[in-house]
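Here the structure is laid out as structure tokens; the discussion comes afterwards.
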Amino acid sequence: MSDEVHVPKIAELGPAHQGRKPVQPPPSELRAFHKAAKERLALPVLWWNDADRQALADALGGVVTAHGLTCYMCAVLRDHVHLLLRRHRLRGDQMISTMKDAGREALVAQGIAPEGHPVFIADSCDVYKRTPVEVRGCVNYIWLNYSKHKLSPASCSWVCRYDGWPFHNKGPTAPTSKL
């Protein structure tokens, strides 16, 4: 999410690029970049295996349950997470902070992440989806991340099917979801 690189030894690797490049570099170039970057980082990059991903999913599910959140989709990948949460009395930044804290605590407690490692980036993406079409599109985008990353879905029994919110209680003319 950054548009500037403030650490000189990281800035030497090249300019910041926001978003996904239209033409992706070849795998060999990406491997060389990651190797050079790894040597310059203050903390190790964490890559999660299936058991780690499930532990993280369980921790996130604990937050959803404890706070009465509604989660329409979740993808726990090898190095990041996508969540689609319905609006709630907690603000978006509060939900993100609570999720990050629980995830970090769970990964540290299980020895997956070292003590003091932030696990998640400081700058998270907090985007609002305002219509059922936007929500359904986001659900599909998040779901497709599993196949894009060649991963099987983590078990997230706390994820519920999108119900057309906020229009779900407006009678027979309300839009319905067939995901």
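Read the figures in this text as sums done on the coordinates, not as results from a lab. Note that this is a predicted model, so its numbers are computed, not measured. Ideal geometry is used to build each Cβ from the backbone, glycine not excepted, and the neighbour counts take in all protein chains shown.
With respect to the chain, whose longest principal axis is taken over its alpha-carbon atoms, helix 92-109 is tilted by about 60°. Quick one: grab the alpha carbon gyration tensor of segment 3-82, order the square roots of its eigenvalues as a ≥ b ≥ c, and give me rounded if a/c is under 1.5, else prolate or oblate depending on whether a/b is larger than b/c. Prolate. Taking Cα centre as origin and charging only the Cβ of basic (Lys, Arg, +1) and acidic (Asp, Glu, -1) residues, the dipole magnitude of segment 1-111 rounds to 220 debye. Axis angle, to the nearest 10 degrees, between helix 50-67 and the longest C-alpha principal axis of the chain: 50 degrees. Tell me which aspartates and glutamates have Cα within less than 15 Å of LYS9's Cα, excluding those fewer than 8 residues away on the same chain? List returned: GLU39.
Tilt of helix 132-148 relative to the longest C-alpha principal axis of the chain, in degrees (0 to 90, nearest 10)? Tilt of helix 132-148: around 40 degrees.
Report, in deg cm²/dmol and to the nearest 500, the calculated mean residue ellipticity at 222 nm for the chain, where each DSSP H run with n ≥ 4 adds -39500 (n - 2.57) and the sum is divided by the residue count. Calculated mean residue ellipticity at 222 nm is -12500 deg cm²/dmol. Positive-end ranking of ASN140, TRP158, VAL127 along the dipole of segment 119-167, with charges on Cβ about the Cα centre, is headed by ASN140. Taking a sphere under 10 Å around the Cβ of ALA106 and counting the other residues whose Cβ falls inside, with K and R at +1 and D and E at -1, yields a net charge of -3. Cα-Cα over 22 Å: which of LYS21/LYS150; LYS21/LYS129; LYS21/LYS148? Over 22 Å apart, Cα to Cα: LYS21/LYS129. Length gained on full extension, TRP47 to LYS9, computed as 0.36 nm times the residue gap minus the Cα-Cα distance: 11.4 nm.
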